[in-house]
Amino acid sequence: MSIASAALAPREVLLVLDHVTKRFGATLALSDVSLTVHRGGVHALLGENGAGKTTLMRIAFGLIAADHGSIRAGAASRSAWTTAEAIRSGIGMVHQHFTNVPAMTVGENVALGGKGRYRSRAVARRIEEIGERTGLRLDPYAIAGELPVAAQQRLEIVKALAHGARLLILDEPTAVLAPEEIDELLQWLRRFADRGNAVVLITHKLREAMSIADDITVLRHGTVVLRATPDSITESALAVALIGEELGEDAPRTVAHPRGAAVASASALGLDDVRGAPAIRDAHFDVRRGDVVGVAAVEGAGQHELLRALAGRLAPVHGTLELPRTIGFIPEDRHRDAMVVDFTLAENVAIRGAHSRRGVMSWSAIRRRTNRLVDAFDVRGGTAERPARSLSGGNQQKLILARELDGAPELVVAENPTRGLDIRATRAVHARLRAAATSESAVVIHSSDLDEVLSLATRVLVVHAGTVRECPIDRDTVGRAMLGIT
C-alpha cells in the first residue's frame, strides 16, 4: 500500500538544480541534469551504480561544485555554493557512510560544526526536544560507536535536524536496516514531509520509491531518463528506465551441492563484543564444502561477532573454531573494514593477504590483476591507478567483492554484500556467491534483507540473543526464530 501524500494543491519549490554538468577528469558524471524538490514531498532519485545520484546531491549540499548549471534554494540562484550556505538554507544530508565520530558521545557529535562553548546539558536538552518532536529518541551521553546501526543512522538525521534542516537528503538510508526498521524510517520520512518539509531519497529499491515518493527521477549514465509519479508508472517500467532493458527473471533459490568435508567447525564457541560483553554463547555448527549458509538475525543478536570470527577477525573467548587457510571477507562497512579510500584500486587489491606475503611486491602484476578484476566485475570508472575515493559506493563494493572472491577461497564470509548495489549488480553478486559454493568452497552470508538470505541459502543458521541454531528454510519459521519464538 502506498504511503505517498495525497495532497493535490500546488506545491512550493524548495530546491532547484538547473542544467547541472559535472566532470571528473575524462569521466562525465552529470550531463545537463535538472531536478526540482517541492515542499511537502518525497522525491525519489534512482539510478544504477555510478549513474550520478550521489554526485548530484553532493552538489546540492555544497560538498562539490558543478562545472555548469545553477542551484536555487529560496530566492537566490547561483552556480556554486558551500555546505555552510546549504545548511543555512535548510538542507541536511545523511550520507550512505555515516560521518559520526565513534569515540564521541551522541551530544558531542550533534554539537560538531556549531559555534561557541560546548555545553553538554544544553545539547542534551536539544536532542531530547528533537526526540519528543520527531520520535527520533537518543541518549545524548551514549558513545556513538557503540550504537546499533539503526541508532547511528538516527543520529545522522538528528544532527541535520539540530541545524534546522527542512529538506533532508538521504543516500541509500535503508541499506543496512532490518525490515521493521525500514518501515519505521519510511513512515517517519513521510510524516516529516507531510509537516511541510521535504525529502530526497536516493535508493536502488524500486518498491521503496513506489511506496513513499511523490516524484521520481531516474538517472542513467549521468543524464535524466525519466521523470514520473508512482501512479503514472509501473514498477517494471521503472526498472526498464533504471537499467535500460527488460529485467529478466532472477535465478531460482540456490540448489544445494553435495556437501563435502567441513571447511569451518565450531564447538562450544563463545565470543565477546567490543565492550567485552558475551555476544555468542556455546555455539555448535559446521560449514561444509558446497554450503551457502545464510545467517538470519535481528540487529545486535550477535551475528556480527559470529561473522567476524568466521572471517578470522575475532578470536574465541572459549570453545574452538577451526577455520580454513584461505578466507574471503566482505564486511558490512567497506570504508572502515575493507578499503582505504585514499589508496588506488591497485593498492586496495594488494591489501588482501598483505600480512602473509614476504619479499618484493610486483606492482606491475598487481595492476594487471586489478584491471582484470575491474573488467570482470564491471567496476565502472575504475582503473588500477585511480583512487578508490573516485568510485561510487556501489562500484567500491564491486571492487571488494572482486578482490575477496578472486582465487576461489575455501570460505567466503559476506555481510550485507549487496549494500548500495543496483538491481543488475545485485543479481550478478548473487550469481557469483552461488558459484563460489563448490566442491572445494563454502559461503556464509548475512543480510539485513531476510528474503535475500532465504533466496541464497542452502542452510540457515538463526542467531538470537547470542544463541545459534539451524532452522528449516521457511520464512515464517526463520522469522519467529529471529524473535526468539519457538
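The values are calculated or read from the model by the stated rules, or taken from the named source; none is laboratory data. This is a predicted model, so every value here is computed, not measured. So basically every Cβ, Gly included, is an ideal-geometry build from the backbone, and we count neighbours across all protein chains shown.
Can you go through Ile130, Ile143, Ile169 and tell me which one is free of Cβ contacts under 8 Å to residues at least 40 places away in the same chain and in the same structural domain as Thr36 (by TED's automatic domain parsing)?
Working: Ile143 fails: free of Cβ contacts under 8 Å to residues at least 40 places away in the same chain; Ile169 fails: free of Cβ contacts under 8 Å to residues at least 40 places away in the same chain.
Just one listed residue meets the conditions, Ile130.
Of the residues in segment 430-444, not one is within 24 Å of the chain's Cα centre (by Cα) and hydroxyl-bearing (Ser, Thr, Tyr). Where helices (runs of 4 or more DSSP H) sit wholly within segment 99-210, those with at least 1 residues that are at pLDDT 90 or above and loosely packed, with under 15 Cβ neighbours inside 10 Å occupy 120-134, 179-194. Taken as a whole, the condition of being under 24 Å from Thr55 (Cα atoms) and modelled with pLDDT of 90 or more applies to Thr344. Of the candidates Arg289, Arg259, the single residue that is at pLDDT below 95, basic (Lys, Arg) and in contact with a Ser or Thr (Cβ under 8 Å, 6 or more places away or on another chain) is Arg289. Taking the criterion of being among the small types (Gly, Ala, Ser) and touching a residue at least 60 places away in the same chain (Cβ under 8 Å), the residues of segment 218-240 that qualify are Gly222, Ala239. Taken together, Gly407, Gly479, Gly382 contain a single residue that is of a type in the set (Gly, Ala, Ser), farther than 30 Å from Gly222 by Cα and in contact with a Leu (Cβ under 9 Å, 6 or more places away or on another chain), which is Gly479. Checked against (1) more than 17 Å from Val340 (Cβ to Cβ); (2) buried (at least 22 other Cβ atoms within 10 Å of the Cβ); (3) not small (Gly, Ala, Ser), Arg369 meets all criteria but (2).
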